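Each remark here refers to the structure printed beneath this line.
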Amino acid sequence: MKNVLGNSITVTLFGESHGAEIGAVIDGLAPGIEVDLDFMRKQLNLRKPHGKISTQRVETDEPHIVSGVFEGKTTGTPICILFENNNTKSKDYSKTKDLMRPGHADYTAIEKYHGFADYRGGGHFSGRITTPIVAVGAVLIDALKKKGIHIGTHIKQCGTIKDTPFTNYEEELAKVNDLIFPVLDEKAAEEIHAYMEAAANEGDSVGGILETVVTGIPAGVGEPWFDTMESMLAHGIFSVPAVKGIEFGKGFAFAEMKGSEANDPFEIEDGKVTTKTNNNGGINGGITNGMPILFNTVIKPTPSIYKAQETVNMDTKENVTFQIQGRHDPAIIHRARVVVDSITAIVISDMLALRYGTDWLR
């Protein structure tokens, strides 16, 4: 029963959706790193629900840093960040606590925790627990930025509607990281937003694909086998609720390519080794090659839908049909992008600390 990510820099998550507080502890972070609360609030705002395409549960999400930061800088000791849960409606869940919601972790939670888990709002499995992840990510995204490493994510596809892919990284990262709705093309943004609203009006939900890029990361980071850059990023990204797939570079499109098409030719540019293409997403042999890291993440449709569904009653052991109650997102992909950015920052910071030492981020 483990809730810790990382080896040198570790993040521990705690709390439940309808508990008093949720939070995270960051350990192993170097002293002297600036903690910009305004930037943290900006990142948290990107995760908050906005409008008809999100849940109507809106929390203040004001971070309370209770240790590890003094006069705006990290001290080198564990940092604990807390968030209060105020806008809860637990009675919405007590009525259906014995009904296993399809697509959710209700049944698996019962099997793992023997029925003692807090079921309200999904408990510890809730997307609410991504709030402290974003707070932790804000510290590390800012620190990485000062080392010339930039991270950004946009909605690449929702349904059959596609956004333009990342091409001009510097300009597009600056744009997308300031967008509440992270779609680069304005027409695609309107169409995706309308698609989400239509699903909400039908009592249904949608998923999609996120595209993430990391620029400025040096070559030589990662291990050749079990702690490859891909495997460690995948470990972190698969921890984000609703993630069901990840691919690096061309990913599954490699199945349609020949080696002569898939390989990235090397060249010297301004005295530096680069590749002419980036089909492998900036990673060879599990180790970064200095090119931008590129990966796509698949987010499944939100399992909470306002349509009748078949399930089981764990108390009576009967097959039943039911309809969920409560406040739920018809789409979470636009909110998930900052969580993906944050997990990416945590994993990369940890791997850089393992490669260069814990003081490297300072």
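Is there a residue in the stretch 251-258 that is more than 18 Å from residue 152 (Cα to Cα), surrounded by 15 or more Cβ atoms within 10 Å (Cβ to Cβ), in contact with a strand residue (DSSP E or B) (Cβ under 7 Å, 6 or more places away or on another chain) and modelled with pLDDT of 95 or more?
First, the residues of the stretch 251-258 that are more than 18 Å from residue 152 (Cα to Cα): 251-258.
Then keep just the ones that are surrounded by 15 or more Cβ atoms within 10 Å (Cβ to Cβ); that gives 251, 254.
Now narrow it down to the ones that are in contact with a strand residue (DSSP E or B) (Cβ under 7 Å, 6 or more places away or on another chain): 251.
Still in the list and also modelled with pLDDT of 95 or more: 251.
There is at least one residue in the stretch 251-258 that is more than 18 Å from residue 152 (Cα to Cα), surrounded by 15 or more Cβ atoms within 10 Å (Cβ to Cβ), in contact with a strand residue (DSSP E or B) (Cβ under 7 Å, 6 or more places away or on another chain) and modelled with pLDDT of 95 or more.
Looking at the stretch 24-35, which of its residues are on the phi < 0 side of the Ramachandran plot and surrounded by 15 or more Cβ atoms within 10 Å (Cβ to Cβ)?
First, pick out the residues of the stretch 24-35 that are on the phi < 0 side of the Ramachandran plot: 24-27, 29-31, 33-35.
Result: 24, 25, 26, 27, 29, 30, 33, 35.
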Which condition breaks for residue 51 when tested against (1) farther than 16 Å from residue 136 by Cα; (2) surrounded by 14 or more Cβ atoms within 10 Å (Cβ to Cβ)?
(2)
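Tell me, which residue of the stretch 201-222 that is aliphatic (A, V, I, L, M) and in contact with a Lys or Arg (Cβ under 6 Å, 6 or more places away or on another chain) is farthest from residue 324 (Cα to Cα)?
Only one residue tops the list, namely 221.
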Suppose we filter the stretch 266-310 for residues that are modelled with pLDDT of 95 or more, part of a strand (DSSP E or B) and surrounded by 15 or more Cβ atoms within 10 Å (Cβ to Cβ); how many remain?
13
When the stretch 244-265 is checked residue by residue, the ones that are in contact with a Lys or Arg (Cβ under 8 Å, 6 or more places away or on another chain) and either without any contact (Cβ under 8 Å) to a residue 24 or more places away in the chain or assigned to a strand (DSSP E or B) (or both) are 244, 257, 262, 265
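For (1) under 20 Å from residue 298 (Cα atoms); (2) surrounded by 19 or more Cβ atoms within 10 Å (Cβ to Cβ); (3) of a type outside the set (Phe, Trp, Tyr); (4) without any contact (Cβ under 8 Å) to a residue 24 or more places away in the chain, each residue gets a yes or a no:
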site: 166; (1), (2), (3), (4): yes, yes, no, no
site: 170; (1), (2), (3), (4): no, no, yes, no
site: 189; (1), (2), (3), (4): yes, yes, yes, no
site: 198; (1), (2), (3), (4): no, no, yes, yes
site: 205; (1), (2), (3), (4): yes, yes, yes, no
site: 211; (1), (2), (3), (4): yes, yes, yes, no
site: 215; (1), (2), (3), (4): no, no, yes, no
Identify, from the list 130, 108, the residue that is part of a helix (DSSP H, G or I), out of contact with any Lys or Arg (no Cβ under 6 Å at 6 or more places or on another chain), in contact (Cβ under 8 Å) with a residue 40 or more places away in the chain and polar (S, T, N, Q).
130
Considering only residues of the stretch 114-164 that are out of contact with any Ser or Thr (no Cβ under 6 Å at 6 or more places or on another chain) and among the polar types (S, T, N, Q), which is surrounded by the fewest Cβ atoms within 10 Å (Cβ to Cβ)?
160
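The values are calculated or read from the model by the stated rules, or taken from the named source; none is laboratory data. The shown structure was predicted, so the numbers you read here are calculated from the model rather than taken from an experiment. When we count neighbours, we look across all protein chains shown, and the Cβ atoms used for this are built from the backbone with ideal geometry, even at glycine.
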